[in-house]
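What follows is a short report on a single structure.
The values are calculated or read from the model by the stated rules, or taken from the named source; none is laboratory data. Keep in mind the model is a prediction, meaning the values are calculated, not measured. Backbone-built Cβ (ideal geometry, glycine too); neighbour counts: all protein chains shown.
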Amino acid sequence: MDRINNNVHAAASPILHAAFDQHLRDAAQHPAPECSAGPCTRVSAAQQEDHLIEAALQPNIELLVISNRIATFDPLQPKTGGLAAALEPLVERSGAVWMGSSGKLGDGNEPLDIGPHGEGKVAKLDLPREHYSGYYEGFANSILWPALHSLPDRMAASAKDYESYREINKFVAGAAFHFRDRDAIWVHDYHFLPLGAGLQCLGVDKPIGLFLHTPWPAPDIMERVPNHRELMQSMLAYDLLGFQTNWDLDNFRACLHTHLGLEVEHGIVISARGQTRCQKFPIGIDPNQFAQHASESLAKQDLYISSLQKKLNGAKLAIGVDRLDYTKGIDVRIEAFGQVLAAEPRSIVLLQIANPSRTEIEAYKDYKRNVESLVSRVNDEHGTDEWRPILYENDPFTRAQLACLYRAARVGVVTPLRDGMNLVAKEYVAAQDPNDPGVLVLSKFAGAAEDFDQNEALLVDPTHPDEIAAAISKAANMPREERIQRWRSMINKLEAYTIHDWSAHFVRELDKSRVGARGTVPISPPWLDQ
């Protein structure tokens with residue numbers, strides 16, 4: 001309860017201004033200052049702004065960014081997903097153009113809607129109605145999404161869906177040709193695996209990179225994706241392929257060897273199209289921003305926090321924040337909480353924020369019903385009319401509200417079955433009070449587990465509710481000194497490689513790519529000739 005009521009000090013250690021590829025090593029060599037003599041302090045707002053601008057603006061190139069969706073650009077609206085939070089600062093400060101779906105459908109002839117945002121621009125396009133369902137609900141989210149998360153039993157789509165996926169990629173390539181004079185193009189995520197090939201065959205001769213926010217699976221899983229060889233061949237049209245973790249990078253190498261007979265040597269694969277570099281770029285956050293959000297939100301005595309305080313009734317608080325997606329392991333997490341409550345009645349409350357996602361897809365509707373049924377069962381078994389051990393919220397929260405809730409929670413529970421990174425894990429750590437931090441319970445199959453080891457987070461198998469339950473109990477009862485030690489090590493890493501460093505790192509590497517590394521005659525992917 002004191003974690004909600006107490007005034008909050010600013011958190012953690014100074015940002016380490018080392019070169020990007022030295023950041024994580026420097027974090028291990030330069031620990032944060034001890035907090036025993038008083039509250040730890042972060043760098044000043046001016047220092048943080050200087051660092052942010054330095055990272056966002058270098059190298060100074062005119063960039064086109066392409067993703068399936070575009071952020072709301074409203075600080076009062078929730079940011080859904082790491083991609084939106086990652087790219088908005090880049091557009092605002094570096095003059096990049098961000099192109100993506102308007103959220104509306106058309107006949108394919110509507111003009112681009114181009115408007116300013118900070119130093120940059122946003123270009124929205126209406127995707128063709130004829131192919132959208134097969135592209136988005138079908139191939140992208142009923143085939144690629146489960147496959148990339150190593151859940152092949154969830155795959156369900158038709159050959160027609162792949163045709164729609166190709167057609168939407170062709171359409172977006174044509175729209176991006178409007179910005180062909182930009183210095184480089186940065187494409188994002190699994191929606192656009194073949195987009196680079198489309199751009200190259202339209203005559204775009206600037207460096208083109210793809211960053212995959214999801215995991216990449218092993219060869220036996222990828223083999224179950226229709227036209228997987230064609231997809232992987234088209235990906236080699238990119239000059240730079242970025243992955244979240246070494247696990248993803250190793251799996252991609254294995255897939256190239258198994259399915260295309262190609263080898264990656266010194267991070268480079270040579271194909272008929274030329275040279276493609278494959279690298280790891282673990283996405284970060286802005287840790288100082290989350291600490292500031294937490295402090296300011298608590299100082300305002302947020303009404304939701306005040307109401308939550310009463311609902312706890314003396315119990316400790318745990319928090320989970322996820323899209324309502326079957327990859328997030330929410331159902332297993334709730335089962336684990338039932339075990340904790342059976343062993344330690346009324347000891348802990350879980351605030352589970354589960355924002356509805358892809359509600360038009362049947363698998364997501366089924367998962368939502370299953371989660372809601374499990375919540376009701378645990379509450380009926382372990383709660384009373386006046387007290388509920390699981391508080392289940394479907395409404396979105398702003399980033400400031402989330403930061404406040406993160407800081408109020410003694411335990412952060414991040415247990416996806418598989419995840420590219422999972423920025424909630426990093427946000428939870430960044431929002432903590434350095435003098436009384438909470439503990440992160442983290443799936444060992446989340447990308448963040450490659451950044452946070454077992455001496456920092458409590459790593460668990462997300463398919464084993466008993467293992468999750470044991471970790472939650474340990475976290476809730478962990479001594480303050482151990483909590484501080486674990487947190488301090490994690491916050492060092494977060495500050496050593498922020499989201500601004502991540503974006504600048506990728507752009508720097510993309511800027512190294514030149515047309516001369518490409519084959520003299522681009523090989524047209526089959527779908528462009530149809």
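Residues that are surrounded by fewer than 18 Cβ atoms within 10 Å (Cβ to Cβ), of a type in the set (Ser, Thr, Tyr) and either touching a Lys or Arg at 6+ places or on another chain (Cβ under 9 Å) or within 24 Å of TYR326 (Cα to Cα) (or both) occur at least once in the stretch 391-404.
Inside the stretch 182-220, residues that are assigned to a helix (DSSP H, G or I), farther than 30 Å from PHE445 by Cβ and not polar (S, T, N, Q) make up a count of 4. The criterion of at least 2 residues that are of a type in the set (Phe, Trp, Tyr) is met by the following helices (runs of 4 or more DSSP H) wholly inside the stretch 415-516: 499-511.
Of the residues making up the stretch 288-311, at least one is at pLDDT 90 or above, closer than 28 Å to ASP501 by Cβ, outside any strand (DSSP E or B) and among the aliphatic types (A, V, I, L, M).
If only one of GLY138, GLY108 is modelled with pLDDT under 95, buried (at least 16 other Cβ atoms within 10 Å of the Cβ) and in contact with a helix residue (DSSP H, G or I) (Cβ under 9 Å, 6 or more places away or on another chain), which one is it?
GLY108
Could you tell me which of the residues ASP181, ASP161 is charged (D, E, K, R), closer than 27 Å to LYS104 by Cα and modelled with pLDDT under 95?
Numbers: ASP161 fails: modelled with pLDDT under 95.
Exactly one residue qualifies, and that residue is ASP181.
Reported count of residues in the stretch 331-367, each being part of a helix (DSSP H, G or I), of a type in the set (D, E, K, R) and in contact (Cβ under 8 Å) with a residue 12 or more places away in the chain, is 3.
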